[in-house]
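J.: Take this structure first; my questions come after.
The values are calculated or read from the model by the stated rules, or taken from the named source; none is laboratory data. Quick caveat: nothing in here was measured; it's all calculated off a predicted structure. Positions of Cβ are generated from backbone atoms using ideal geometry, with glycine treated the same way; all protein chains shown enter the neighbour counts.
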Amino acid sequence: MTSTLRRLLGLLRPSASLVIGAVLAAGVSAAAAAGYAWLIGPLLRGVLVSEPMHVGGLHPSPAQARWLLPGLLVLLAVVKAGAQLLQTGWMQVAGQRALARLRSELYAHLLSLPPAIHESRASGDVLSRLTADVAQVEFSVTQALTTWVRDALQLLALLVVCFLLDWRLFALSFVVFPAALVPIVRFARAVKRAARTTQGSLGNLTALVGEQLHALPIVQAFGMESRVRTQFDTEQARYLKEMDRSLLLRGSASPSIELLGIAGLALALAVGARAVRAEPSLASHVMSYVGAVLLMYGPLKTLSSTLTQVVAGLGAAERVFELEDRSVPPDRGDIAPPLRRALRLEDMRIQYGEVEALRGLTLELPAGKTVALVGASGAGKTTVFAALLRFVDPVGGRILWDGQDVRGYTRASLRARLAWVPQEPVLFAGSVRDAVLVGKPEATDVEVWSALARAHGAEFVRALPQGLDTQVGERGAQLSGGQRQRLAIARAFVREPSLLLLDEPTSSLDAASEALVQAGLAELKAGRTTLVIAHRLSTVRHADLILVLEAGRVVEQGTHDQLMEHGKVYRRLLDQGGADGPA
């Protein structure tokens, strides 16, 4: 817990001037609260009993006291209110800036993690940590920390007043506090454990909802509504069970601490009453003392109620930092040059957990040639793409870029030499221009139109209501499948890549759209090193080389005609795939 708190407070370091100002303002507010307590005894004794008063070095008459002491109380109230306003404002501004830094750091880290982490079902838990957990931390850093700084200083000031008024009463009143520290610490640990469990359960619920809503067409098509609703209710019941336990622990904090405070006050009143009977001159001190103890009630109750929120926030912060601490290899090395001669994979071995996806794969792509990968599902075709994009790192073997190991180049510079056209194009919400500029953010409109023309997409873009400024919608929902693919090809054109990775982007298109996309792809591949995951026979026929993968290895290779004559696995795949070729 200490290290987590230290990291959270470290986020406040860039806003140190605001934090220092807030602490000073809280100190002024606490001093004003202590002034209230110090004046209560003289005020009551002088005004109600009409006896001479002694307030610091002042000795006002009863007539003077009737306006002086209330005036001092009003002045203290103004000072306290102004100081609280400054303290709250400055601390919350500093807290929000700290949380903004935490969100930015966490999101930047998430962008650097391998895509497999976000593609798994655990992505819901990742989203929960970025949203729900950060929101819990936000309360701790802004609201709770603001309260704790103010009320802790006020309690400290009032405790000092109690000690100065009568150290014997102070010792008797607060003798129960040290004994209460042990159960309070144990209680805080229990609350933090419950908070982590609750947030984890919420992450599971978020993951389930994300998975089910993403697959909503399948859910509805197969009549699974009742089954997924049952799954949701079961997961939500687990979450509610954990939340009930957490809330019970949180709810018991305030009454427990309040009980300790009342016990201390009762003890002070009992002993103080006996002291006043023995020595009436102590009445003023005893009244001020009791007033100080009563003034502690408000901040003590606030601190106890926010204790659980702070501890829960620390639990949430641990989950956030746990994700932020997930290691990512540093992106170091030289800048990858354009591919001139060949790309070669030597004895590549890649594992996903215990499953070996590539088992000593070796293949070579001569510069300027088109090589097709074919094979049954699970043969390792997609894993080859993932390795070339550096989404996964091999456990054995290497990738040579013109004879140089790609691990000697930065991932960013290597990816800048590649263009990937997936089977299902991914477009972000924005304009047509934005969709193409993904390939090259600094490209001019002239370059964008040129890329669209080469991708056979300029005509349909000109027909759109706002041309390049037309919004494509979330995931390109406002466009047809063929239009989305042509934009994906255009962003590959504008990138001018050394290596083109095609995951057969025409396999799900109708004949008319396929013809336009194929024309764009033919121009894109011309003179460029291309690796294709082939699903259709038309793509396979024109490849310079076809590699047949089985269980993560190349088992056959050659041209289409050569494999038709000598390739047993290739011909079997063609037979299984029908007219469309291997799947």
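J.: Residues that are small (Gly, Ala, Ser): find the helices (runs of 4 or more DSSP H) completely inside region 381-487 holding 3 or more of those. Quick ask: steps written out before the conclusion?
T.: On the way: elements: 381-388, 411-416, 432-437, 445-454, 458-462.
Counting at least 3 such residues, we get 411-416, 445-454.
J.: Same structure again: Tally the residues that are modelled with pLDDT under 70 and touching a helix residue (DSSP H, G or I) at 6+ places or on another chain (Cβ under 7 Å), restricting the search to region 495-534.
T.: Total satisfying the criteria: 5.
J.: Another question about this same structure. Among the residues of region 342-353, are any at positive phi and modelled with pLDDT under 80?
T.: Of the residues in region 342-353, the ones at positive phi are 347, 353.
Restricting the remaining residues to those that are modelled with pLDDT under 80 gives 353.
Yes, that holds for at least one residue.
J.: I'd like the full set of residues that are surrounded by 16 or more Cβ atoms within 10 Å (Cβ to Cβ) and over 28 Å from residue 110 (Cα atoms), limited to region 365-399.
T.: The answer is 365, 367, 368, 369, 370, 371, 372, 373, 374, 375, 376, 379.
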